[in-house]
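Worksheet: one structure, shown below.
The values are calculated or read from the model by the stated rules, or taken from the named source; none is laboratory data. Everything numeric here is computed off the predicted structure, so don't read it as measured data. We place every Cβ from the backbone using ideal geometry, glycine too, and count neighbours over all the protein chains shown.
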Amino acid sequence: MAVTTPDQLLEPAPPLSAALRAGTRQEHEDAERSAFVEHLVDGTLPLAGYVDLAAQQHAIYTALEAAGDRLVAAGTHGDLVFPELVRVPAIEKDLAFLVGADWRARVRVLPATADYVARLGQVGDDLPRYAAHAYTRYLGDLSGGQILQRMLERHHGLAGDGVSFYDFPQIHKLKPFKDVYRERLDALDLTPAQRDEVVEEARVAFRLNRAVFTDLAAAHVR
Ligand code: HEM
């Protein structure tokens, strides 16, 4: 039987941001290594694959940002909903550029995206669940997303138009902003069970992203 020593009782829990990073490290590696992402990075993904990704992101961010709005309306936002992160208008601009003004009639939502959107609907106005999903997407966009933007620009000759999803014009410097985001995560007033729930739901969020990449790979990776 495991015995809790007095030292362990005194040991403070790691900050939530550190627990999230450690708790999703394996999932992050798996997502990075998915065939769709690898092809996007090495330039062998056809532009149609990226356009399809943008369409999936439109559905995902519409649901994520609706959840953010619900938390703000309910007063449960924990200072974690930032207007400067909002992505839906940028994705809509990208799709209009890439597909045309009638893009809404010409894009489809893949089954894995529908699952992801359904899970985001279940966030309701619950802060731990929102924190998990917002962390997974927004810190990813502010990190690896910046690399993906450079690759898309390099391989497909895109510049600004079509990849504005990765631009955060209201955020002057990404690194200090990410630090503030992590501070906000760490300042959330959560019980130990809620903290565990955040990390567990972030793992789910990564897996949902990976499933979207799998559907996209089936359609676009030869
Ligand atoms: C080619 C693909 C990717 C690359 C090269 C990449 C790269 C990176 C890098 C370098 C960081 C560290 C940034 C820092 O500490 O400031 C990071 C962090 C992160 N990435 Fe990715 N990433 C990729 C894909 C993804 C995907 C698909 C997701 C999830 C949808 C994701 C979510 C995250 C998150 C949440 C963080 C923050 C980790 C933390 O500090 O807590 N990344 N990524």
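For residues in region 63-79 being away from the ligand (no atom under 12 Å from the Cβ) and of a type outside the set (G, A, S), which is nearest to D141 (Cα to Cα)?
Ranking the candidates gives E65 first.
Residues in region 133-143: is at least one within 15 Å of the ligand (Cβ to nearest atom), buried (at least 18 other Cβ atoms within 10 Å of the Cβ), in contact (Cβ under 8 Å) with a residue 40 or more places away in the chain and charged (D, E, K, R)?
So far as region 133-143 goes, yes, one or more of its residues are within 15 Å of the ligand (Cβ to nearest atom), buried (at least 18 other Cβ atoms within 10 Å of the Cβ), in contact (Cβ under 8 Å) with a residue 40 or more places away in the chain and charged (D, E, K, R).
Could you check how many residues of region 82-122 are over 21 Å from Q146 (Cβ atoms) and within 16 Å of the ligand (Cβ to nearest atom)?
Matching residues across region 82-122 total 8.
Give me the helices (runs of 4 or more DSSP H) completely within region 7-62, filtered to those with at least 2 residues that are of a type in the set (V, I, T) and either over 15 Å from the mean Cα position of the chain (by Cα) or within 14 Å of the ligand (Cβ to nearest atom) (or both), ordered by residue number.
The helices (runs of 4 or more DSSP H) meeting that bar are 35-42.
Yes or no, residue by residue, for (1) under 15 Å from A131 (Cβ atoms); (2) touching a helix residue (DSSP H, G or I) at 6+ places or on another chain (Cβ under 9 Å):
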| residue | (1), (2) |
| --- | --- |
| H172 | no, no |
| L190 | yes, yes |
| Q194 | yes, yes |
| E197 | yes, yes |
| E200 | yes, yes |
| A205 | yes, yes |
| L208 | no, yes |
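Condition (residue is touching a residue at least 12 places away in the same chain (Cβ under 8 Å) and either of a type in the set (A, V, I, L, M, F, W, C) or closer than 27 Å to D186 by Cβ (or both)) applied to region 154-161: is it met by at least one residue?
No; the residues of region 154-161 include none that is touching a residue at least 12 places away in the same chain (Cβ under 8 Å) and either of a type in the set (A, V, I, L, M, F, W, C) or closer than 27 Å to D186 by Cβ (or both).
Does region 46-59 contain at least one residue that is under 25 Å from K178 (Cα atoms) and polar (S, T, N, Q)?
yes
If R106 satisfies every condition in (1) charged (D, E, K, R); (2) surrounded by 18 or more Cβ atoms within 10 Å (Cβ to Cβ); (3) within 29 Å of G157 (Cα to Cα) but one, which is the exception?
Going through (1) charged (D, E, K, R); (2) surrounded by 18 or more Cβ atoms within 10 Å (Cβ to Cβ); (3) within 29 Å of G157 (Cα to Cα) one by one, R106 breaks only (2).
Does region 190-214 hold any residues that are small (G, A, S), farther than 26 Å from V109 by Cα and within 12 Å of the ligand (Cβ to nearest atom), and which are they?
Residues satisfying the conditions do not exist here.
So which of L71, L95 ends up being under 20 Å from D186 (Cβ atoms) and free of Cβ contacts under 8 Å to residues at least 60 places away in the same chain?
Residue meeting the stated conditions: L71.
Are any of the residues in region 169-181 in contact with a Leu (Cβ under 7 Å, 6 or more places away or on another chain), under 20 Å from A211 (Cβ atoms) and at pLDDT 95 or above?
Checking region 169-181: not a single residue is in contact with a Leu (Cβ under 7 Å, 6 or more places away or on another chain), under 20 Å from A211 (Cβ atoms) and at pLDDT 95 or above.
Looking only at region 184-199, which residues are free of Cβ contacts under 8 Å to residues at least 24 places away in the same chain and among the charged types (D, E, K, R)?
Once the filter is applied, which keeps residues that are free of Cβ contacts under 8 Å to residues at least 24 places away in the same chain and among the charged types (D, E, K, R), region 184-199 yields only D196.
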